[in-house]
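The values are calculated or read from the model by the stated rules, or taken from the named source; none is laboratory data. Keep in mind that this is a model prediction, so the values were computed, not measured. Neighbour counts run over all protein chains shown; Cβ positions are idealised from the backbone, glycine included.
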Amino acid sequence: MKSEKGILSYLNNLRLNIGITLTFIAFFLIISPLLPGVNWFRLGDFTLDMVNFYHTVMIPFAFLLILYTSELLDMPAIIKKPINMSTIPILVLTALGMAFFYPASTQYADYVLQALRDIWMVVIAVLFLIGVLMFPFRNRKRFNSIWGSYFLILAATVSAGIAAVMGMVYEYGNLFGYSSIPFFNSLVNSWGGLQTFLGNLVTSHSHEMLPAVMGGIVAVAAISFGYERLDFTKRTIVNAGMVVSLIGVIAMTYVYIISSFGTYVIPTLFAFGPGGMDGLADDDTLTGIVGWGALISIVGLYYAAKSEKNGESRLVVLAELFVWLATMAVMVGVGYAIEFNEAFFGFATPGVPPNGGPGYLYDMAYTNGHLLYAFFMMPLIAGSLILVYRYAPTARIKLISAYLTFFGSVIGGFGLIYYVINLHWVLEAIGLALIVISVAISSVSFFMIGSENKKTVSISGHTG
């Protein structure tokens, strides 16, 4: 009995489970060049091999966010315990899914394993959602201070869950079709047929998931950094930013639902040029609102950083906020500029406007570069920095993680611009490598013995 209790206690260890999950993520990032078909820099969209690798990393990352936030919001043990004890099963199923993905003889086993993992994740997400809904009733006083972040976490959870279900529906249809479900199959036909439906569905899945996750990260970061302790005015600024992001999450979720399960075609705003091909896609406007809300919140959260007595912790908070700025610079500063000049960039398609453009290769470079930067590395490091802030055993770990993030974000961001201009990706690769190293150091820190009371590194001259 004592042995069984010891094992259960071990599996229910939050810090250990966070460390294991982050190490799993770092491990696959590091060995990715050795995986068949995983080529980070390739003009255009991700290949199937790259998509599989991406999910091998990002699904455990989504689990990691759930795991940490369940503790942050002090959910009841009946919810936290099953989530904690799901760590090893989720990681094992994910690893086996990656291993069985490649041999043709094991593809059926791969489908089964990944389906089990995905269903398990949905159950965890539902449990987590219940815990989120319970929070205001269990801690009214705290809710009154962080209500903006709370509602953004709630909306992000629902939106990410919907995007996940879209992905599962897509995968089923892609493998088997929907003829075995006559009612749904007739709906699919009324929406334009199988291929049209699958195309709309996978687009909505990929475009909705990451903005929802990033919105959730922004809210989780704000709570982690203790914005509830700010004075009323600064706290209100943060909550106002959260409300703006909340509006963006709700609006984009609605648009992606009706464009997937229906015949709604997402319009182009301010259309001009040949065939109206230049202009801003409406869904990109809505996902951008999520980011604009984060930028508003930075105004208040800057004071949370200033209030940090520990210089290393202050630097980690500033690095987190810088990641949000860098992500928006790439998505809006570069992405919107391309959308308003599609007569040249041609939607990454060769041809003559409005059916393509002479600069299609540069748009393909942006497609590849921004998927790696804004949809992959930036969410990972944003989540990792929160964990470093809360759990890093030494000041040195915080210092190294923060500086690697600053340098990686800057070099990677300018590298992406250089990639779009010259089709040379090495500079962006250097920046992303620094981010991977930062994630790896963060994961290792969970297995180090240290204390903030030990001798720290003075960086007062760096943080002002």
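Per-structure values
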quantity: Residues of segment 254-273 satisfying the condition of being in a helix (DSSP H, G or I) and of a type outside the set (S, T, N, Q); calculated: Tyr254, Val255, Tyr256, Ile257, Ile258
quantity: Conditions (1) farther than 25 Å from Ala348 by Cβ; (2) modelled with pLDDT of 90 or more; number of the one not met by Glu452; calculated: (2)
quantity: Tally of residues being of a type in the set (S, T, N, Q), in contact (Cβ under 8 Å) with a residue 40 or more places away in the chain and within 22 Å of Val202 (Cα to Cα) across segment 269-303; calculated: 1
quantity: Neighbours by Cβ (under 7 Å, 6+ apart or cross-chain): first from segment 185-199, touching a residue at least 24 places away in the same chain (Cβ under 8 Å); second exposed (fewer than 15 other Cβ atoms within 10 Å of the Cβ); calculated: Trp191/Gly262; Trp191/Thr263; Gly192/Thr263; Leu198/Asn174
quantity: Test: residue in segment 70-89 that is without any contact (Cβ under 8 Å) to a residue 40 or more places away in the chain and among the small types (Gly, Ala, Ser); calculated: yes
quantity: Of all residues in segment 332-363 being among the hydrophobic types (A, V, I, L, M, F, W, C) and surrounded by 22 or more Cβ atoms within 10 Å (Cβ to Cβ), the one that is modelled with the lowest pLDDT; calculated: Ala348
quantity: Selection status of Gly288, part of a helix (DSSP H, G or I), on the phi > 0 side of the Ramachandran plot and in the same structural domain as Ala163 (by TED's automatic domain parsing); calculated: no
quantity: Listing of helices (runs of 4 or more DSSP H) fully contained in segment 79-198 that carry 1 or more residues being more than 18 Å from His55 (Cα to Cα); calculated: 107-138, 140-176, 182-190
quantity: In segment 38-61, residue farthest from Val123 (Cα to Cα) [restricted to those that are without any contact (Cβ under 8 Å) to a residue 60 or more places away in the chain and not in a helix (DSSP H, G or I)]; calculated: Asn39
quantity: Selected residue [under 26 Å from Arg142 (Cβ atoms), of a type in the set (A, V, I, L, M, F, W, C) and assigned by TED's automatic domain parsing to the domain that holds Met98] from Phe63, Phe27; calculated: Phe63
quantity: Qualifying positions in segment 62-77 - of a type in the set (A, V, I, L, M, F, W, C), touching a helix residue (DSSP H, G or I) at 6+ places or on another chain (Cβ under 9 Å) and either part of a helix (DSSP H, G or I) or more than 19 Å from Tyr227 (Cα to Cα) (or both); calculated: Ala62, Phe63, Leu64, Leu65, Ile66, Leu67, Leu72, Met75
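Residues are listed down the side, and each one gets a yes or a no for (1) among the small types (Gly, Ala, Ser); (2) within 23 Å of Ile66 (Cα to Cα); (3) crowded, with 17+ Cβ neighbours inside 10 Å:
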residue	(1), (2), (3)
Ala219	yes, yes, yes
Ser224	yes, yes, yes
Arg229	no, no, no
Gly241	yes, yes, yes
Leu246	no, yes, yes
Thr268	no, no, yes
Gly276	yes, no, no
Val290	no, yes, yes
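Okay, residues lined up against (1) among the β-branched types (Val, Ile, Thr); (2) closer than 30 Å to Gly293 by Cα; (3) not assigned by TED's automatic domain parsing to the domain that holds Ser206:
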position: Phe143; (1), (2), (3): no, yes, yes
position: Trp147; (1), (2), (3): no, yes, yes
position: Ser159; (1), (2), (3): no, yes, no
position: Met166; (1), (2), (3): no, yes, no
position: Val169; (1), (2), (3): yes, no, no
position: Leu175; (1), (2), (3): no, no, no
position: Ser179; (1), (2), (3): no, no, no
position: Ser186; (1), (2), (3): no, no, no
